[in-house]
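Report on the structure given below.
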Ligand SMILES: [Zn+2]
């Protein structure tokens, strides 16, 4: 697969493919708002079904909170508000009446969920609480918006919120969340780094934040998931207390973690090529497309056989589509390749005669004849092969884009030349962190989580490095 256009003209590739692969309509007349199209929405739903499964398996329960938050409740947590102040849409009127209390369109849901936690939590026995919802949120973005990446309406925000009796339990919950996200991105074959965000750049109201970043083909880092330890910050503001065994009242400890539709963009970027999308089979809305190749001058029942094959594969649980349109096969091939269908089966007169089907992998273009007798088994094997190969290829590309750099000059040179992520030694100090950011002109993703112990000295203060810091241009 070629990724030249994808890498050199990523923006153009991305917006082109949103339309031509039936993912998203970008001409909606409000800035930063976009329309999910049928194929895109199916893809989104199968990706978030994986997330739902992972959360349910680990004891999270799905809820659905209202979208509006009264101003007085929203403004309770001062730091949180400072973080979101400039981004909130306000509802000020109901019909012709001016509202007594303005209502915020949620930019995130801490302030709508936690007042309810305060009502639900009475004793130790009510804890822990582990809930999640998949909802839309609104943020008044002033920067340039981009479908799925920088939005004014994030249509798909999976946010989980937990409450615990003990600080250690919240710490353990953070690790559980990190592991859930690792499994999620691994399932999607989306490569990532995990970092602890710099203390001066954590989520508004959190004790610390952990972030997952992947790389776009243009070499810029894209944050695709965050996990926050809120400690008791919100619990104190919203009065989230429980009665311990001895009768004493304690504030709870909390965590929250989120993933948005950015992950769909990440899937498209990780596996796409110059032709278009290339979807991992388990999330592809259509896994196998059958293209009959009729021959007018021969009496071969190509269509009939193609239909029988379709029914056979559908009965085996595969998402299969038979393309019976009156188009030339070549046009059909290209149409489905752009949409990223992992496997194409061609049924022509030769195939019928030899009782076989010609299979073509979307990722490699590899062609092979499969005898009808073993079709189901062989197709399933091929699809599994595609999943594994896509994941491996994406990780290889990603690893090749992470470079070590011991000093600011090298960091600058590396990122300027090829983008990607640079790993540098760091003393962990704020002044040095800010100097690093300033001198290189790039962003600190944060200190590498579970990272190797760094060799060398902090490039700013020359003290022995305590951690590795990851630096990149970011979205
Ligand atoms: Zn330093």
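Each reported figure results from applying straightforward, stated rules to the coordinates on display, with no laboratory input. The structure presented is a predicted model; accordingly, all values stated were derived computationally and were not measured. Cβ sites come from the backbone with ideal geometry, for glycine too, and all protein chains shown count toward neighbours.
Just need log10 I(q)/I(0) for the range 30-119 at q = 0.22 Å⁻¹, Debye formula, equal scatterers on the alpha-carbon atoms, no solvent, rounded to two decimals.
Log10 I(q)/I(0), no solvent term: -1.12.
Enumerate the residues in the range 179-204 having an amide nitrogen under 14 Å from the point lying 7 Å beyond the Cα of residue 397 toward its Cβ.
189-192, by backbone N distance to the label point.
Take the Cα pairs of the chain, get the Kirkwood Rh, then feed it into Stokes-Einstein at 4 °C and 1.567 mPa s and tell me D in µm²/s.
Reported coefficient: 52 µm²/s.
Which peptide among 323-329, 178-184 comes first, and what is the full order, when sorted by highest mean count of other Cβ atoms within 10 Å?
Result, highest mean Cβ count within 10 Å first: 178-184, 323-329.
State the Cα centre-to-centre distance between the range 145-196 and the range 70-115 in whole Å.
24
From the helices alone, meaning DSSP H stretches of at least four residues, give me the mean residue ellipticity at 222 nm for the chain, per-run term -39500 (n - 2.57), in deg cm²/dmol to the nearest 500.
Calculated from helices alone, the mean residue ellipticity at 222 nm is -11500 deg cm²/dmol.
Past the 15 angstrom mark, what percentage of all C-alpha to C-alpha distances in the range 295-343 do you count?
For the range 295-343, the fraction of Cα-Cα distances above 15 Å is 57 percent.
Divide, for the range 147-265, the radius of gyration over alpha carbons by 2.2 N^0.38 Å, where N is the residue count.
Against the compact-globule rule of thumb, the ratio is 1.19.
Multiply the residue separation of residue 72 and residue 142 by 0.36 nm, subtract the distance between their alpha-carbon atoms, and state the gained length in nm to one decimal.
Taking residue 72 through residue 142 to full extension adds about 22.7 nm, to one decimal.
As I understand it, the value is the acute angle between the Cα axis of helix 110-120 and the longest principal axis of the Cα atoms of the chain; what does it come to in degrees, rounded to 10?
70
Defining a contact as two alpha carbons under 8 Å apart and six or more residues distant in sequence, what relative contact order in percent does the range 402-472 show?
Taking the mean separation of contacting Cα pairs over the length of the range 402-472, I get 39 percent.
For the range 4-271, what are the per-bin percents of Cα-Cα distances with bins 10 Å wide, up to the bin holding the maximum?
That works out to 6, 27, 35, 22, 8, 1, 0, in percent per bin.
Residue 409 versus residue 20, label points 7 Å from Cα toward the beta carbon: distance in nm?
4.4
Before anything else, pin down the relative contact order of the chain: Cα pairs under 8 Å, at least 6 apart, normalised by residue count, whole percent.
The normalised contact order for the chain reaches 14 percent.
Any idea what the relative contact order of the range 208-285 is, in percent, if you count C-alpha pairs under 8 Å spaced at least 6 apart?
Across the range 208-285, relative contact order equals 25 percent.
To the nearest 10 degrees, how steeply does helix 10-20 sit against the main Cα axis of the chain, on a 0 to 90 scale?
Taking the Cα atoms of the chain, the angle to 10-20 is about 60 degrees.
Please work out the ratio of the alpha-carbon Rg of the range 190-244 to 2.2 N^0.38 Å and round it to two decimals.
Expressed relative to 2.2 N^0.38 Å, the Cα Rg reads 1.50.
Taking 1 over the mean of 1/r across every pair of different Cα atoms in the range 402-472, what Kirkwood radius in Å do you get?
It is 11.5 Å.
Kindly state, as a whole number, the per residue volume in cubic angstrom of the convex hull around the alpha carbon atoms of the range 288-382.
Dividing the Cα hull volume of the range 288-382 by its residues yields 90 Å³.
Can you tell me the FRET efficiency between residue 324 and residue 350 if r is taken as the Cβ-Cβ distance and R0 is 30 Å, rounded to the nearest 0.05?
0.90
Starting from 0.36 nm per residue, how many nanometres of slack lie between residue 99 and residue 35 once their C-alpha separation is accounted for?
Working it through step by step, the gained length comes to 20.0 nm.
Please determine, in degrees from 0 to 90 and to the nearest 10, the orientation of helix 262-271 with respect to the longest principal axis defined by the Cα atoms of the chain, where the helix direction is its Cα long axis.
Tilt relative to the chain: about 40 degrees.
Along Cα→Cβ, 7 Å out, is where each label goes; now give me the distance between the ones at residue 369 and residue 307 in nm to one decimal.
2.6
Starting from 0 in steps of 10 Å, tell me what percent of the Cα-Cα pairs of the range 318-431 lands in each bin.
Per 10 Å bin, starting at zero, the Cα-Cα P(r) for the range 318-431 comes out as 11, 29, 21, 13, 13, 9, 3, 0 percent.
Once both labels are modelled 7 Å past Cα along the beta-carbon direction, what's the residue 438-residue 315 spacing in nm?
The modelled label-to-label distance comes out at 7.2 nm.
Sort 106, 5, 473 so that the residue with the fewest other Cβ atoms within 10 Å of its own Cβ comes first and the one with the most comes last.
With the fewest neighbours first, 106, 5, 473 line up as 5, 473, 106.
Between residue 65 and residue 182, what is 0.36 nm times their sequence separation minus the Cα-Cα distance? Round to one decimal in nm.
Fully extending the segment from residue 65 to residue 182 adds 39.5 nm.
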